[in-house]
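Down below is the structure, laid out as structure tokens.
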Amino acid sequence: MTGNLTVRSQSMSGRKKSVAEEPVTSVLAAGEIPIYSERELTADEEVLAALGYKPEFKREFSLWTTFCVSFAVLGLLPSFASTLYYGMGYAGTPGMVWGWLIAMAFIQCVAMSMAELCSSMPTSGGLYYAAAVLAPPGYGPLAAWLTGWSNWLGQVTGAPSVDYPLAEMILACASISNPSYVPQNWHVWLLTVLILLIHGCISSMPTKWIANFNSVGSTFNIIALCIVLILIPAATNRESQGLPRFTPARVVWNDFYDGTDFPKGVSILMTFVAVIWTMSGYDAPFHLSEECANANVAAPRAIVMTSGIGGLFGWFLQLVVAYTVIDIPRVLTSPLGQPWVSYLLQVLPQKVALAAASLTIIAAFSMGQGCMVAASRVTFAYARDDCFPGSWWIKRVNKHTHTPVNAVWFNTTLGILMTLLVFGGNLAAGALFSIAAVAAFVAFTIPIFIRVFFVGNRFRAGPWNLGPFSMYIGSAACAFVALMVPILMLPSLTGSDLAASGMNWTVLVYGGPMTMIIIWWFVSAHKWFKGPKVNIEHQMLGREGNVIEGKEHDSGDSSAGSITKEDRVLDDKRAADLA
């Protein structure tokens, strides 16, 4: 984007509604609007400029296509298939039906609080930007640092944690079709790498192509989910095995499976890892907001739609499986190595089971693609603020596709390295799921916590907001995450039964990098990292040292309106870097 972007205070009469009149978070003083020298800015571009950034992407995502990306990242059917071991294995069917209901009530609180932040600050930086803006004076950079790195760890593990079980499902189906074939770890790894490379290529395409691809993928996800929801109850062969068509309700809701050494209540809480990981994709619209039209309304709506629709249909799927599963230990310990495929073979004829597994595989491919797109936008946003070594290269926008291609391949490379965990066994590979769940929810909650307990009524809400219920919903979200973070790190065994092979490695694989990141902050980063590089000091909670100085500009352009203040030109350094 060439040309000068200036900020002027002017009369609003006879002009379209601008950010000066909208209740959005802004780096501009009251009555000021951004003016672009070559043309009139759109409403979305004005909002982004008010947040301190110049437009760099085409806004070709609509409410529907944004929802499609987030629903693809959510990927209910493949997510459920990937995490069935945790949802069913810790507490059995009561954990599936009760656990999903309880967890979803609080997850919806997190999603709505996040949507409120998105409406106020629709930028690719998302939660990271919000944490910096809302934090008390002097703590903005630290809040952004912790939020950004935790969110990035969750994002960058997203595609690998989807593509690894996808590879397992494909090879499990191959093993069913050819019983003499036994998948090896290196087979799973090579197939996972191939899928990641394909996702990297698709994510490097122009925005419109990606939007269309994800729209088709999400539509298929929804159709596949509906087919499976109908197919399993309709085609189950339980009766041919001498069983009733469905397990009695008293058994489904009350008979616990002792999958842990903890009390039943704690076991149910431990099953939440499946719900949290499955439902962690609804933040994608926040990160796509710079590519979305009518972003401060459409993006928060897409967040709430994803969480609400996903939660409802996810519970339906939990009920279907809970009422039809026959032998839980056999599902969990099957030599196929994939509980979802093992379950399908247990309750369906083989050909029908393979058909359902094939639908899951295609849906999982779409989900992995959505994860790759969302993660690349997060990586770009953080590189734009020089968070990474080599940010100068990562933050480049490809001049042909107008997408952050370098960020895509940076993430793809890291994802391939992470999948080497498959050679450490199932527990090591399972750490990918736990990292994604814990890291994402910590990042989700930091800005919500700051907004509720430090900003309070000073928060400048956007057009989509929770009104008088905001503080209560935000408090419930914070309490839920504070409880769940330690729960998600508990091993299933205790006492003398606990060995290295049964350890929950999340505390190490997530806690280790975060500990180093905190040490990095105190040793070095606090000296140079100042948070999001906005161009004008934020008017709600000003920060010293967090402003890039603009150039003085003496303009006599009367056509722009009545000028009552000296113009200020926003810094063009970022645009030059990206050219």
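The values are calculated or read from the model by the stated rules, or taken from the named source; none is laboratory data. Keep in mind it's a predicted model, so treat the numbers as computed, not measured. Don't worry about glycine lacking a Cβ; one is built from the backbone with ideal geometry, like all the others, and counts go over all protein chains shown. Accessible surface areas use protein heavy atoms only, side chains included; no ligands, DNA or RNA. Shrake-Rupley method; radii C 1.70, N 1.55, O 1.52, S 1.80 Å.
Averaging the Cα positions of each part gives two centres, and for the range 154-226 and the range 293-312 these lie 25 Å apart.
Which order do the peptides 267-273, 513-519, 125-131 come out in when sorted by mean C-beta neighbours inside 10 angstrom, highest first? Intermediate results must be reported in sequence, preceding the final value.
Numbers: 267-273: 25.4, 513-519: 13.7, 125-131: 30.3.
In descending order of packing, they fall as 125-131, 267-273, 513-519.
Site pair Lys264 and Leu508 shows an inter-label distance of 3.4 nm when each label is modelled 7 Å from Cα along Cα→Cβ. Annotation for Phe453 and Tyr472: the two label points, set 7 Å from Cα along the Cα-Cβ direction, are 2.1 nm apart. Summary of the geometry: the range 341-381 and the range 456-485, compared by the centres of their Cα atoms, lie 33 Å apart.
For the range 520-530, backbone phi angles converted through the Karplus equation (6.51, -1.76, 1.60; θ = phi - 60°) give residue-by-residue couplings of 4, 4, 6, 7, 9, 4, 5, 7, 10, 8, 10 Hz, Gly and Pro being listed as x. A protection proxy built from the mean count of other Cβ atoms within 10 Å ranks the segments 176-182, 88-94, 411-417, most packed first, as 88-94, 411-417, 176-182.
The calculated pair-distance distribution of the range 155-313 uses every alpha carbon pair, bins of 5 angstrom beginning at 0, and gives 1, 6, 9, 13, 16, 17, 16, 11, 7, 4, 1, 0 percent. Computed from the C-alpha gyration tensor, the three semi-axes of the ellipsoid equivalent to the range 78-215 are 35, 23, 15 Å, from longest to shortest. Across the range 269-277, rounded Karplus estimates of 3J(HN,Hα) from the backbone phi angles (6.51 cos²θ - 1.76 cosθ + 1.60, θ = phi - 60°) give 4, 5, 5, 5, 4, 5, 5, 5, 5 Hz, Gly and Pro being marked x. Here the Karplus relation 6.51 cos²θ - 1.76 cosθ + 1.60, evaluated at θ = phi - 60°, turns the backbone of the range 141-156 into coupling constants of x, 5, 4, 5, 4, 5, 5, x, 5, 5, 5, 5, 4, x, 5, 6 Hz, with x for every Gly and Pro. Against the empirical curve 2.2 N^0.38 Å, the C-alpha radius of gyration of the range 283-385 lands at a ratio of 1.44.
Considering only protein heavy atoms and a 1.4 Å probe, what is the carbon-and-sulfur percentage of the accessible area of the range 202-314?
On the way: 2810 of 4240 Å².
It is 66 percent, rounded to a whole number.
Find the relative contact order for the range 104-217 and round it to a whole percent, using C-alpha pairs within less than 8 Å whose residues are 6+ positions apart. That works out to 14 percent.
Computed over protein heavy atoms with a 1.4 Å probe, the accessible surface of the range 195-258 works out to 50 Å² per residue.
Between Val485 and Asn212, take the C-beta separation as r, use R0 = 45 Å, and let me know the FRET efficiency to the nearest 0.05.
Numbers: r = 38 Å, r/R0 = 0.84.
Calculated value: 0.75.
Descending by average beta-carbon neighbour count within 10 Å, the peptides 343-353, 223-233, 460-470 line up as 343-353, 223-233, 460-470, the highest first.
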